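The structure under discussion appears below in the form of structure tokens.
Only the coordinates and a few stated rules stand behind these numbers; no lab work does. Please read these numbers as outputs of a predicted model, since none were measured by experiment. Heads up, the Cβs are rebuilt from the backbone with ideal geometry, glycines too, and the neighbour counts pull from every protein chain shown.
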Amino acid sequence: MIYFCCVLSGEAQAVLSVSPQSWLTEGDSVTLSCEVRHSSTGWRFSWYRDGQELVSDSRREAGGSYTLSPAALNHTGVYVCRATRGEPTFDTQSSNPQPLRITASSPPVSLMVRPSRTQHFTEASLSLSCEGQSDSTGWRVRRYTHSEKVSDCTSVWGSGTGSTCSISSLSTSHTGVYWCQSESGGRSYPVNITVHNGDVILDSPVHPVSEGAPLTLRCLYRLPKPSNLSADFYKDASFLQTQPAGEMIIPAASKIHEGFYHCKHPEKGESPTSWISVRGTEAPFSALSLLSCLVAASPYLLASIILGVKCYRARAEPDEVNRTKELIEEEHRTES
């Protein structure tokens with residue numbers, strides 16, 4: 001007796017993921033990956049944003065990835081993928097919706113972090129302020145954490161008034177996404193802050209590094225410092241180099257240097273992971289950029305993002321990425 005087995009239409013499930021993160025600045029690069037779980041190869045993939053197909057039949061690729069480089073404001077939306085194969089064709093179900101949010105490359109205000117790094121030791125102090133070329137009046141420091149969700153700087157976790165906020169003694173509960181927000185809803189570039197109770201942290205830039213600029217990474221140690229400062233540096237979990245002084249310098253950063261970095265000391269242990277972003281030196285502005293900004297702010301799109309994130313199925317990713325995705329969900333739930 002011969003048995004025939006096939007994947008019937010609608011039975012296979014496509015799974016959509018994003019790398020490196022869901023909240024981007026225009027000019028960044030992002031890759032969407034579509035995968036059919038527990039199934040063999042041979043699939044062709046279709047991509048959709050806000051219900052509209054992005055790639056025609058003649059341009060569908062078998063690779064299962066869709067890259068936006070550079071990302072623009074009009075790329076903001078909720079993405080979905082589907083897969084097709086065989087003759088006659090069999091289609092998967094639509095994937096989990098994946099929201100992407102792209103913000104302007106030069107917001108009027110930036111969140112300044114002092115000490116200027118994304119990782120900090122527990123019990124240390126931290127100062128946050130909204131600063132820019134224009135008046136920062138009306139801007140406030142906000143944050144997202146797993147426990148408190150979205151909240152302003154208050155006596156509960158910090159102290160300060162207006163556009164400044166201070167934390168006298170950090171704890172791991174302060175780990176989260178921080179940003180500045182105006183009364184009209186404008187936002188600065190978000191900053192992922194990690195508070196670590198271990199002995200090693202990575203000193204890395206708070207804001208994206210410009211292409212061509214030097215990138216310096218340092219391994220910092222809780223007191224007392226070890227006599228041997230040598231540290232190993234890693235990018236995307238792959239070993240890069242060992243530095244006797246615990247400092248690694250990239251003379252001219254480029255897009256290939258984007259990734260998740262951490263360092264490791266032979267005795268003290270290893271640091272958490274931080275994402276390093278590299279941005280082009282110029283970000284052209286056009287009427288299309290203005291139009292796409294208006295589209296990004298439309299109520300329809302906000303509603304789509306809310307719906308999409310509610311349906312989102314979490315996958316195992318670095319904590320920093322998960323916090324950003326959860327922030328998108330909480331933020332739009334609050335605004336609705």
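Can you give me the distance in nm between label points at Arg44 and Ser29, each placed 7 Å from the Cα along the Cα-to-Cβ direction?
2.7 nm
Kindly provide the GluC sites (Glu not before Pro) of segment 98-199 that DSSP labels as loop, not H, G, I, E or B, and whose Cβ sees at most 16 other Cβ atoms within 10 Å.
The qualifying sites are Glu123, Glu148, Glu183.
Could you list Ile256, Ile167 so that the one with the fewest beta carbons within 10 Å of its beta carbon is first and the one with the most is last?
Ascending number of Cβ neighbours within 10 Å: Ile256, Ile167.
Sort 124-130, 83-89, 263-269 by the packing proxy (mean of other Cβ within 10 Å over each peptide's residues), most packed first.
124-130, 263-269, 83-89
Would you mind ranking Asp91, Asp50, Asp28 by Cβ crowding within 10 Å, fewest neighbours first?
Asp50, Asp91, Asp28
What is the calculated FRET efficiency for Ser69 to Asn197, with r their C-beta to C-beta distance and R₀ = 56 Å, to the nearest 0.05?
The pair Ser69/Asn197 has a calculated efficiency of 0.90.
About the Cα centre of segment 47-199, what is the dipole size in debye to 20, counting +1 per Lys and Arg Cβ and -1 per Asp and Glu Cβ, all else neutral?
Dipole of segment 47-199, to the nearest 20 debye: 40 debye.
List Tyr66, Tyr48 from most exposed to least, where exposure is judged by having the fewest other Cβ atoms within 10 Å.
The most exposed by this proxy come first: Tyr48, Tyr66.
Can you compute the FRET efficiency between Thr84 and Asp152 using 1/(1 + (r/R0)^6), with r the Cβ-Cβ distance and R0 = 51 Å? Round to the nearest 0.05.
0.60
If I stretch the segment between Ile256 and Ser184 completely, what's the gain in nm (0.36 nm per residue apart, minus their alpha carbon distance), one decimal?
22.3 nm
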